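This report concerns only the one structure given below.
The values are calculated or read from the model by the stated rules, or taken from the named source; none is laboratory data. Not measured: the values here are computed from a predicted model. With ideal geometry, Cβ positions are generated from the backbone for all residues, glycine too; neighbour counts draw on all protein chains shown.
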Amino acid sequence: MFDSLSERLSGIFDGLKRRGALKESDVSDALREVRIALLEADVALPVVKDFVNRVKDKAIGQSVLKSVTPGQQVIKIVHDELVAMLGAEASGINLLGVPPVVILMVGLQGSGKTTTTAKLAKRLTEKEGKKVMMASLDVRRPAAQEQLKVLGEQIGVKTLPIVAGQMPVDITRRAMDAARLQGFDVLMLDTAGRLHVDAELMAEVKAVRDASQPLETLLVADSLTGQDAVNVAKAFDGEVGITGVALTRMDGDGRGGAALSMRAVTGKPIKLAGFGEKMDALEDFHPERVASRILGMGDVVSLVEKAAATIEKEDAEKMAKKMAKGEFDLDDMRTQLRQMSKLGGVQSILGMLPGMGKIKQAMAGASIDDKVFRRQEAIINSMTPTERKKPQVLNASRKKRIAAGAGVEVSEVNKLLKAHMQMAKMMKQMSKMGKSGRMPMMPG
Ligand code: GDP
């Protein structure tokens, strides 16, 4: 998502940055291109117009154009306006109510409603320590209730037992009673979807809303459907009243228009973003970070959070201790290689680093890709424990054996050993520099 928009914008801004002084017409020209780029990313026209006007008003002020770095200042204004357009601040899920707090999930069929319900339930359980119950009110699709039950079993979250033939409002009442009696903190209601917004669907959702008095009514919308997603959100908000949006399929190659116009058009915050089919592929939507990502400024905060969540604490602590002593053998290198792949591989890491968008493209197909890491891991796997601890024992015949074991040339083994030596040297220097021995990416 956002890749092509990001590329377009950085092209436009590179042009601005290169010039020392900026004239009003330079800014206008650049903004005309920004306007086209946003429209091509499928951002709603009124949103684009408003955005460009606001940037123009601020950027054409004398203080900006006369400043030492006018290009940078214009980019800063664009960034700030993008953040405003995306919703200024991240808004979390509201759970401040008398338990069981009800979260009503609404949206079209296939938008990812059931998946998002389960993902959110998992998160509230694991990260917020809430006791969550889920109930499917979808009595239309034969397998829908069963689908939620299966997901519930998979993530260890309780679902309301299925009673065949019960209607949505009755299921809602039963779910509320059960959640109250059994002391649940949160009750998540997954409603039925339709292929299109229709009166019958809205009536059903409204009846459920009235019966359950939800604290949050989250619209689940597929970001790949672009402006359609925004229209669906408008319709649901008008009829039912939503408190926020969960945008799914942000991992896809959509142009980003839905994410960019949703807030401005509906006035409701994007609260969650789905990044895949897996149960933990759900993130808070942080306007600031998304804007930085779009402008190629990187998303270091997300990367560090992801690292902290994915890398096992034990591994990290062990590594930190060894590094403090300046030790770094091939076992440590293998651990690092594995951590890289856990973080989603090089491509995904690069996408989050500042200024890496362009490098990422240049590197697609070049030598630094995940295959190299897998090969390096295979080489280390072919070594004996002694060889991993003391790489200096590796003579020609041992190297030949290892290369054969990993299915590579001996030169690859040498390359890996050289890389390891450089890393080990770096670790030694770092341990001398600061006796804290902690890499910035390591969790607490
Ligand atoms: P519902 O009809 O709205 O309940 O939709 P489902 O929850 O059944 O989801 C439909 C399909 O979309 C399933 O195959 C999900 O795995 C998939 N899906 C849901 N969210 C995401 C997401 O964020 N990214 C990707 N790639 N797939 C998703």
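Things worth noting here:
- In the range 188-216, the residues that are within 15 Å of the ligand (Cβ to nearest atom) and not in a helix (DSSP H, G or I): MET188, LEU189, ASP190, THR191, ALA192, GLY193, ARG194, LEU195, HIS196, VAL197
- Matching residues in the range 218-231 - criterion: being within 15 Å of the ligand (Cβ to nearest atom) and either buried (at least 24 other Cβ atoms within 10 Å of the Cβ) or among the basic types (Lys, Arg) (or both): LEU218, LEU219, VAL220, ALA221, SER223, ALA229
- Residue in the range 392-414 that is modelled with pLDDT of 90 or more, buried (at least 17 other Cβ atoms within 10 Å of the Cβ) and not in a helix (DSSP H, G or I) present: yes
So that you can scan it fast, the table gives a plain yes or no per residue for (1) modelled with pLDDT of 90 or more; (2) touching a strand residue (DSSP E or B) at 6+ places or on another chain (Cβ under 7 Å); (3) over 13 Å from LEU272 (Cα atoms):
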site: GLU200; (1), (2), (3): no, no, yes
site: ALA203; (1), (2), (3): yes, no, yes
site: LYS206; (1), (2), (3): yes, no, yes
site: ALA211; (1), (2), (3): yes, no, yes
site: ASP222; (1), (2), (3): yes, yes, no
site: ALA233; (1), (2), (3): yes, yes, yes
site: ILE242; (1), (2), (3): yes, yes, yes
site: LEU247; (1), (2), (3): yes, yes, no
site: GLY254; (1), (2), (3): no, no, yes
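- Checked across the range 114-136, the condition of being at pLDDT below 95, within 13 Å of the ligand (Cβ to nearest atom) and either among the acidic types (Asp, Glu) or not assigned by TED's automatic domain parsing to the domain that holds ALA281 (or both) holds for no residue.
- Listed conditions (1) in the same structural domain as MET202 (by TED's automatic domain parsing); (2) surrounded by fewer than 23 Cβ atoms within 10 Å (Cβ to Cβ); (3) of a type in the set (A, V, I, L, M, F, W, C) are all met by LEU82, apart from (1).
- The selection criterion, being farther than 24 Å from GLY254 by Cα, of a type in the set (A, V, I, L, M, F, W, C), loosely packed, with under 15 Cβ neighbours inside 10 Å and over 30 Å from the mean Cα position of the chain (by Cα), does not hold for ALA59.
- When GLY156 is tested against (1) within 16 Å of the ligand (Cβ to nearest atom); (2) at positive phi, only condition (1) is not met.
- Unmet requirement for LEU104, which otherwise passes all of (1) surrounded by fewer than 21 Cβ atoms within 10 Å (Cβ to Cβ); (2) more than 13 Å from the ligand (Cβ to nearest atom): (1)
- From VAL47, VAL98, VAL43, VAL64, residue being hydrophobic (A, V, I, L, M, F, W, C) and either in contact with an Asp or Glu (Cβ under 7 Å, 6 or more places away or on another chain) or loosely packed, with under 13 Cβ neighbours inside 10 Å (or both): VAL98
- Listed conditions (1) modelled with pLDDT under 85; (2) of a type outside the set (Val, Ile, Thr); (3) not in a loop (DSSP other than H, G, I, E, B) are all met by MET1, apart from (3).
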